[in-house]
Each structure stands twice: as C-alpha cells, then as structure tokens.
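Report on one structure; see the data block that follows.
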C-alpha cells in the first residue's frame, strides 16, 4: 500500500482570547477534528445526515489543502458567493512522504460554476477535460468526463456527494474510476449518502452524528441499513411511512 498523500487532518487550538461559538464550531464533526482525523491511504468516507457537518469538514479540508472552496483544483480562483466557513484556515494538514501530482475538489452542486470558469480561461483550457465543454454534456456526463479526463495518477481528490449527479449505473462507473486511480497512487475523501458510492473495499468510513464522529463498518452505516431494510420489506415500510 502506497504511503498516503495526507495522513491526518487536525484542528488547530484557538489563539489566546479567540472565541469559537456558533457555526461551524457547534458541529460535533468539527469538534472531533481537535483529536485529529486519520485518513486512509486509499479512500476515506464521511457519512451522516444532512446538517451533520460532513460537507463542512470536506470543504475545510479542501481549503486547507489549497483548493478552491467552491470546487476545482489548487489552480482555480473563482468565487460566486463566499459561503464557506473559516474552518479551513484553522486546520493543519499532515502530509505523507510524497506530494500530490494534482488535486481536485469536486462538488456536484457547483460543477456548473466550475465549468463556466474553465470556459473563460485563455488557451486550450478544455484539453485536460476531454476537449468538450462540460456545459454541452448532461450533469452526470460532465461529472464523469471530468473524473476520466482531468483526474490523473498521484492525485488528492475530494468528492462531495457525487451521487447527486449520477445514475445508479454511473455510481458504479465512478467506483471503477476511483479504483483505477487508487491503483495509480491517488487518495480520495468522499462525502456521500449512497450505499453504492460507499462500497469501496478496505476504506475507512467515518459516521458524523450528534454524538460526534466514529469509525463504522460498511454494513453498519445508515445509508446501507436503511436501503437494505426498505428493499427487503418495501410494502411494509411504505405502510408504516404513510400511516396516520
């Protein structure tokens, strides 16, 4: 197993007289960072309900690693609305013995903005993205085109809820591409609700919940347990869901 590009993410202690109140400091997932979050050398997952803090943590890691808060690589520089928290400025990135050859923070919600930024760059800015405008493809197609053409060996990649852009079949295509890149010494952190996207073997899965953050097995994650319960007894599940 290759040495990780990033071994640990840790929240720096507050400066003297600094108050950390409100968002994002009141999120249990953020508080957990004070003890350090160890990253798997291949794939690390963040799961949890909406509002649990997983996307906030992922965004902060991207910023701390030098990537654009709204998505893109270290070379991207655009901002449509400064909605990200200050958490990224307070994180310490503990790197491994090798440096990333490339990086990218892929957010399904802001891919349109990133595509527009690319088209505005001088020269052949689309050459590394398959040569076709991402706007001229469907959301899912552009998402996969970016992963296939732009992502390369030795990269540090952060994906925020990629299933939002993908069909069920293409969630499996994404897993295959992740595996190809992992075998080329890349490292991923993925925030997801999808039991398919979550299925990469031998990964570390962190569950973010009101009590904090804990490591869980794939079978014990909420997306897997809830989906499995629904598929095994769909009619009974729906009867209970729709009952008065």
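Translational diffusion coefficient, Stokes-Einstein: compute it for segment 1-66 using the Kirkwood radius over C-alpha pairs as Rh, at 25 °C and 0.890 mPa s, and state it as an integer in µm² s⁻¹. If you can, show how the numbers build up before the last one.
Working: Rh = 13.1 Å.
Answer from the Stokes-Einstein relation: 187 µm²/s.
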To the nearest 0.05, the calculated FRET efficiency linking residue 23 and residue 240 through their beta-carbon distance, R0 being 41 Å, is 0.75
Would you mind calculating the relative contact order of segment 1-81 from Cα pairs under 8 angstrom and at least 6 residues apart, reporting the percent as a whole number?
27 percent
Convex hull per residue volume in Å³, alpha carbons only, for segment 138-234:
113 Å³
Separation of alpha-carbon centers, segment 162-202 and segment 21-70, rounded to whole Å:
18 Å
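Every number here is computed from the coordinates shown, using simple stated rules; none is lab data. For clarity, every value in this text was computed on a predicted model and none was experimentally measured. A quick note on method: Cβ atoms are made from the backbone with ideal geometry, for glycine too, and the neighbour counts reach across all protein chains shown.
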